[in-house]
Amino acid sequence: MISKLLNLVYLVLLIVCVCILIRTIKNEPAAVPAVAANGTTTFEVPKIEVSASESKKFAADKFEMGFSLEIRGKDKAAVSKLIAERRSLIFENVKSLDIPQSDVEQNSVEIHKEWSYRNNKRELVGYVATQSFVITVNRKIDAAALVQALSSEPDVEIQRTSAQLKDVDGVQSKVIKAAGKKAMSKAKDYAEGVGAKLGRVLQVNGEGGGIIYNPVRYRANGLMMAKSVMLDGAAAPDESAIADSVEVSASVRVVFELK
C-alpha cells in the first residue's frame, strides 16, 4: 500500500516537472542558428538594439565667477601693498552684497620679476603681482551685481561667470531615466512592427552625454563688460548678461531580446 502511494506521488511530481519544462520552453525565444567563421554552428537569441538620447535644460541655482588682480610696478614692496589694497576692495564689494566670505576662494599672491632685453642685455623692468579669486553665489541678481561693481575697477579682470546646478547627480538621474524610457519605447515600436514582443534587457551602455555649462566671459577696462555697466546712469545690474540655464544630456544603447 505504501509503495503504491509513493509511486503515485512520484508520478504527480513528474507530471508537474514536465508541465513547468514545457511552459519554460514556450516562454524562451526561439534560437536562430548562426554559422561562425570557423564553420561551427551556434544558436543566437533574436534581439534588437536601439539607441536614444535625451537633453533638457534646467534653471541654474548656483553661479560661479572667476576674478583676478594684476598689479605692475617698479618697487616690489609697493606692488605687494597695492595688491593687498585692491584685494580688500573685492571683499568690500562681496560684503556689501551679503555674500558670505566662505563663498570666496582665493589663491596665494604671486609676484614675479619682469625683464626686458636690449642689446643682448637683460634689464629689470619691475614686478608683477597677481592673485585669482572664485566667488560662488546662489542668485543670478547677486552675480550680475558683483560683475557690475567690479567691471569698472582697472586692475580687476573678470574671467568668466558660469551658471551651474547644486544637485548635479539628481538632475542627471532624471535625464538618464528619460533616455532609458525613450529607448524602451522605441524598441517596443520596432518589435510590434515585426509582430514580436520585447523580452529581457541583454545589455545597456551609457554613451557620452553630461552637463554643458555656458560660461559668460568678460574683459574689464571697457573691452567687454555687462551692458548695464556700459550704459550711463544705469543702476540696476543687468541680469541678462548672466547665463541662467544648464543643459544636461544623456545617451543610452540598449539590447533587448525578442519573443
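The values are calculated or read from the model by the stated rules, or taken from the named source; none is laboratory data. Because the structure is predicted, anything quoted here is derived from the model rather than measured. Counting neighbours? That spans all protein chains shown, and the Cβs are built from the backbone with ideal geometry, glycine included.
A few points about this structure:
- If the condition is being in contact with a strand residue (DSSP E or B) (Cβ under 8 Å, 6 or more places away or on another chain) and either assigned to a strand (DSSP E or B) or acidic (Asp, Glu) (or both), then region 182-199 contributes LEU198, GLY199.
- Within region 217-224, one or more residues are in contact with a strand residue (DSSP E or B) (Cβ under 8 Å, 6 or more places away or on another chain), under 30 Å from LEU150 (Cβ atoms), modelled with pLDDT under 70 and surrounded by 13 or more Cβ atoms within 10 Å (Cβ to Cβ).
- Residue check, GLU64 within 30 Å of GLU207 (Cβ to Cβ), in a strand (DSSP E or B), touching a helix residue (DSSP H, G or I) at 6+ places or on another chain (Cβ under 7 Å) and at pLDDT 90 or above: no
- Of the candidates ASN205, ASN138, ASN120, ASN214, the single residue that is over 19 Å from SER68 (Cβ atoms), under 32 Å from the mean Cα position of the chain (by Cα) and at pLDDT below 90 is ASN214.
- Those residues of region 101-119 which are of a type in the set (S, T, N, Q) and surrounded by 12 or more Cβ atoms within 10 Å (Cβ to Cβ), in sequence order: GLN106
- Every residue from region 84-108 that is over 24 Å from PHE63 (Cα atoms) and aliphatic (A, V, I, L, M): ALA84
- Within region 148-184, the set of residues being free of Cβ contacts under 8 Å to residues at least 12 places away in the same chain and either of a type in the set (Ser, Thr, Tyr) or farther than 30 Å from ARG253 by Cα (or both) comprises just one member, SER173.
Every residue, every condition in (1) closer than 24 Å to ARG72 by Cβ; (2) of a type outside the set (S, T, N, Q); (3) at pLDDT 90 or above, yes or no:
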residue	(1), (2), (3)
VAL94	no, yes, yes
GLN106	yes, no, yes
HIS112	yes, yes, yes
TRP115	yes, yes, yes
LEU124	yes, yes, yes
VAL128	yes, yes, yes
GLN131	yes, no, yes
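- Unmet requirement for ALA145, which otherwise passes all of (1) in contact with a helix residue (DSSP H, G or I) (Cβ under 8 Å, 6 or more places away or on another chain); (2) crowded, with 19+ Cβ neighbours inside 10 Å; (3) under 30 Å from GLU239 (Cα atoms); (4) in contact (Cβ under 8 Å) with a residue 60 or more places away in the chain: (1)
- Residues of region 148-181 satisfying the condition of being within 15 Å of GLU239 (Cα to Cα), among the hydroxyl-bearing types (Ser, Thr, Tyr) and assigned to a helix (DSSP H, G or I): SER151
- Selection within region 225-259 - more than 30 Å from GLU44 (Cβ to Cβ), among the polar types (S, T, N, Q) and either modelled with pLDDT of 50 or more or surrounded by fewer than 18 Cβ atoms within 10 Å (Cβ to Cβ) (or both): SER240, SER245, SER249
- Output for region 141-170, where each listed residue is farther than 16 Å from LEU69 by Cβ and either touching a strand residue (DSSP E or B) at 6+ places or on another chain (Cβ under 8 Å) or among the charged types (D, E, K, R) (or both): ASP142, ALA143, THR161, SER162, ALA163, GLN164, LEU165, LYS166, ASP167, VAL168, ASP169
- Only listed residue being loosely packed, with under 14 Cβ neighbours inside 10 Å, of a type in the set (Asp, Glu) and touching a helix residue (DSSP H, G or I) at 6+ places or on another chain (Cβ under 9 Å), chosen from ASP155, ASP169, ASP189, ASP98: ASP98
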